[in-house]
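Below is one structure, written out as structure tokens; the observations come after it.
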């Protein structure tokens, strides 16, 4: 079994730390790992929300899906601060709750 960070590590290094690495500057280890934790959560939720888009969603569900998907793509991009706020905020729980609400739709789709 192989581990995949789904590109979270590359985004942290390139987008958040502008190509700098903890391998070259040990003082970056803690902030990079914290940012990675948040970015990995974002990437996991993006994967799940993208899969949910493939379901036959009702109009109300489609609107909620779009709203939640937009939360995963902030207009100004991700920063250390925004990742930290995201992890502590309501959006991850909101997305999980939304995905749980789609269980019967997903199960019905799997049977077809």
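Taking segment 1-35 as the range and being part of a helix (DSSP H, G or I) and surrounded by 14 or more Cβ atoms within 10 Å (Cβ to Cβ) as the test, the residues that pass are 8, 9, 11, 12, 13, 15, 16, 28, 31, 32, 34, 35.
Matching residues to (1) modelled with pLDDT under 95; (2) under 19 Å from the mean Cα position of the chain (by Cα):
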{"position": "1", "(1), (2)": "yes, no"}
{"position": "6", "(1), (2)": "yes, yes"}
{"position": "10", "(1), (2)": "yes, yes"}
{"position": "32", "(1), (2)": "no, yes"}
{"position": "37", "(1), (2)": "no, yes"}
{"position": "85", "(1), (2)": "no, yes"}
{"position": "96", "(1), (2)": "no, yes"}
{"position": "99", "(1), (2)": "no, yes"}
{"position": "110", "(1), (2)": "yes, no"}
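Of all residues in segment 71-83, those satisfying the criterion of being under 15 Å from residue 45 (Cα atoms) and surrounded by 12 or more Cβ atoms within 10 Å (Cβ to Cβ) are 71, 72, 74, 78, 83.
The values are calculated or read from the model by the stated rules, or taken from the named source; none is laboratory data. Every value quoted in this text rests on a predicted model; they were computed, and no experiment measured them. In this analysis, Cβ positions are derived from the backbone assuming ideal geometry, glycine residues included, and neighbour counts consider all displayed protein chains.
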